[in-house]
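Since the structure comes first, as structure tokens, the remarks are kept for the end.
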Amino acid sequence: MKYIGKTNEYFEVIDINSFNTDELNQTKEDVLSFLWLEEDDNHLTIDAKKQVLNKNQIVCFTAFHKVQFNKIRKAKYLKFNKPFYCILDHDSEVGCKGVLYFGAAKVPILSPSAEDIEILETVWKMLLIEMNSKDNLQLEMLQMMLKRILILSTRIYKSQENFNKIESTQVDIVRDFNFLVEQHFKEKHSVAEYAALLNKSPKTLSNLFGKISDKSPLQMIQSRIMVEVRRLLKYTDKPISEVGYEVGFQDIQSFSRFFKKNEGVSPSEFRLS
């Protein structure tokens, strides 16, 4: 089911099964997606990393992710574009910037509880009802249903990622850090640079991430660089030196050392694997 508005608003809900998985590959620019798996044993390759996801796990993608849907048994799939609902402009409403979407290195994989699933299923049923409504309130109602799904999903992810261990103002710092890394990782490689943008000290960021993650801010930055490098090595024919230069390394030697330290193999070995 698809909604196309008068000013290019796009919103689509698809039931995926083994016969129509090609729908997952029909991506558009500036489209965000939400995949809710309904059976076990689903195989995806996300940014050159293999993943196996099971029933009721949820994963959120931006158009920048390189995803191969190797095997999807059954899933609910939702897509929307910026004119339909811009999560950046409406961050105060849903709070999913830097969490579900544009969250730097980590593709969010949600594992909702039985109670969470019951609530999501209720909202999804209401969403499907609104998809069949054709009155002048349809756009507003669909946006409302999407907001509820995004808010619920953000709460689930924050809970499983230990965000409840820090204050709400500190959560916003983490989200802003993640979003800034997503914007600037190619040219800014140090924690101090992001701390300056946030008007915080590097030590404040390190202490904050120490409460919720096993990764330091520096490791988060480096992880985001590695995501991009893996994409470029696997999905383009760019020379290795050009790949390194694109993510901020001035010479191939320093880039190769960085890559091997993080991946365990050289860039050329990774490209051939």
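When the charge dipole of the chain is built from unit charges on Cβ atoms (+1 for Lys and Arg, -1 for Asp and Glu) and taken about the Cα centre, the candidate among 83, 131, 229 whose Cα reaches farthest toward its positive end is 229.
In segment 2-161, Rg over Rh equals 0.93, where Rg is the alpha-carbon radius of gyration and Rh the Kirkwood radius from pairwise Cα distances. Peptide packing: for 248-255, 202-209, 215-222, the average count of neighbouring Cβ atoms within 10 Å per residue gives the ranking 215-222, 202-209, 248-255, highest mean first.
Rounded to whole numbers, the Karplus 3J(HN,Hα) couplings from phi for segment 231-241 are 4, 5, 6, 8, 10, 9, 9, 4, x, 4, 4 Hz, using 6.51 cos²θ - 1.76 cosθ + 1.60 with θ = phi - 60°, and x at Gly and Pro. Only one residue of 108, 255, 60 has its Cα farthest out toward the positive end of the dipole of the chain, where Lys and Arg carry +1 and Asp and Glu -1 on Cβ, and that residue is 255.
For the pair segment 205-273 / segment 5-21, the C-alpha centres are spaced 34 Å from each other.
For the cross-link pairs 97/186; 79/188; 50/76; 71/215; 66/200; 215/261, the ones whose C-alpha atoms lie over 23 Å apart are 79/188; 71/215; 66/200. Amide H to amide H, with H built 1.01 Å from N, residue 74 comes under 5 Å of 38, 39, counting only residues 5 or more places away or on other chains. For the pair residue 159 and residue 203, a Förster radius of 30 Å applied to the C-beta separation gives a FRET efficiency near 0.65, rounded to the nearest 0.05. Here the convex hull built on the C-alpha positions of segment 44-93 has a volume of 109 cubic angstrom per residue.
Kirkwood radius for the chain, taken over all pairs of different Cα atoms as the inverse mean of 1/r, rounds to 20.0 Å. Computed per residue of the chain from DSSP H runs no shorter than four, each worth -39500 (n - 2.57), the mean residue ellipticity at 222 nm is -14500 deg cm²/dmol.
Placing one equal scatterer on every Cα of segment 3-45 and applying the Debye formula, the log10 ratio I(q)/I(0) at q = 0.16 Å⁻¹ is -0.54. Placing +1 on the Cβ of every Lys and Arg and -1 on the Cβ of every Asp and Glu, with no other charges, gives the chain a dipole of roughly 680 debye about its Cα centre.
Every number here is computed from the coordinates shown, using simple stated rules; none is lab data. Note that the structure is a prediction, hence the values are computed from the model and not measured. Cβ atoms come from the backbone with ideal geometry, glycine included; neighbour counts cover every protein chain shown.
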